[in-house]
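Chemist: One structure, as structure tokens, below. Some questions next.
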Amino acid sequence: MQGIMSSVNKMKTGEIYDILDENGKIIGRAPWEEVHSKGLLHQVAACFLFNNEERQKILLQKRSELMHQDPGLWNHSAGGHVAQGEKPENAVQREVAEELFDGKLPQDLKISKVTVFENHDKPNNNEIFNLFEAFYTGKISERSEEVNKVEWVDFKKLTEDVNINPKKYTQSFKNTLENYIRVKSSEFLK
């Protein structure tokens, strides 16, 4: 168990991120610890994976109990930090592949950008959040170090449950869901 815990923590502590100014211009770089202790603005990329274009079910991941932030809470389908020099589009593909597909994206999985927003879900966590979506019905295989389990959830029931049981979900996921619904509201009203 100690070996797994060390590998999860090393993944974060060894990462370097681009630091942004309020206009999104890169002004430097810093490791995970500095970014989160000083509240430096950085980017993340995450994806909501749905079972079809009607968005009947969404895939959620329950974070591993070994994760540094929000252990054991439900979160978006996949996502993480954008590494130094990486584009959000590449970061989300990397994260989805790592967390859900044993490192290799299925050829038929098309990921599209939905929105970008500022996310401040914790003290000293200042993020430019790049949200993507994809549709997929094939086999999923969660990555054991970061993901406890994945589960397809009825999207309408999820939106109700987030209001009834908010402590089950990461604050980042709640912020992301709110932004997703705001951007996609016209599609939900059809």
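Every number in this text was worked out from the coordinates using simple rules, so none of it is lab data. Just so you know, these numbers come straight off a predicted model, no measurement behind them. Every residue, glycine among them, receives a Cβ derived from its backbone with ideal geometry; neighbour counts consider all protein chains shown.
Chemist: Looking at region 99-112, I want the residues that are under 23 Å from ARG63 (Cβ atoms) and have a partner that is outside any loop (DSSP other than H, G, I, E, B) and hydroxyl-bearing (Ser, Thr, Tyr) with Cβ atoms under 8 Å, at least 6 apart or on another chain. Which pairs are those?
Modeler: Sorted first by the residue in region 99-112, then by its partner, the pairs are LEU100/SER141; PHE101/SER141; ASP102/SER141.
Chemist: So, THR137, is that one surrounded by fewer than 18 Cβ atoms within 10 Å (Cβ to Cβ) and either acidic (Asp, Glu) or in contact (Cβ under 8 Å) with a residue 60 or more places away in the chain (or both) or not?
Modeler: It is true that THR137 is surrounded by fewer than 18 Cβ atoms within 10 Å (Cβ to Cβ) and either acidic (Asp, Glu) or in contact (Cβ under 8 Å) with a residue 60 or more places away in the chain (or both).
Chemist: Restricting attention to region 122-148, which residues are over 14 Å from GLN43 (Cβ atoms) and part of a strand (DSSP E or B)?
Modeler: Hits for region 122-148 are LYS122, GLU133, ALA134, PHE135, SER141, VAL147, ASN148.
Chemist: In region 120-134, which residue that is among the charged types (D, E, K, R) and within 24 Å of ASN90 (Cα to Cα) is surrounded by the fewest Cβ atoms within 10 Å (Cβ to Cβ)?
Modeler: Out of the qualifying residues, it is ASP121.
Chemist: Which of (1) surrounded by 14 or more Cβ atoms within 10 Å (Cβ to Cβ); (2) under 20 Å from TYR17 (Cα atoms) is the odd one out, the single condition ASN148 does not satisfy?
Modeler: (2)
Chemist: Against the condition among the hydrophobic types (A, V, I, L, M, F, W, C), in contact with a Cys (Cβ under 6 Å, 6 or more places away or on another chain) and farther than 15 Å from LEU177 by Cβ, how does VAL96 come out, does it pass? Write out each step before concluding.
Modeler: Values: among the hydrophobic types (A, V, I, L, M, F, W, C): yes; in contact with a Cys (Cβ under 6 Å, 6 or more places away or on another chain): yes; farther than 15 Å from LEU177 by Cβ: yes.
It is true that VAL96 is among the hydrophobic types (A, V, I, L, M, F, W, C), in contact with a Cys (Cβ under 6 Å, 6 or more places away or on another chain) and farther than 15 Å from LEU177 by Cβ.
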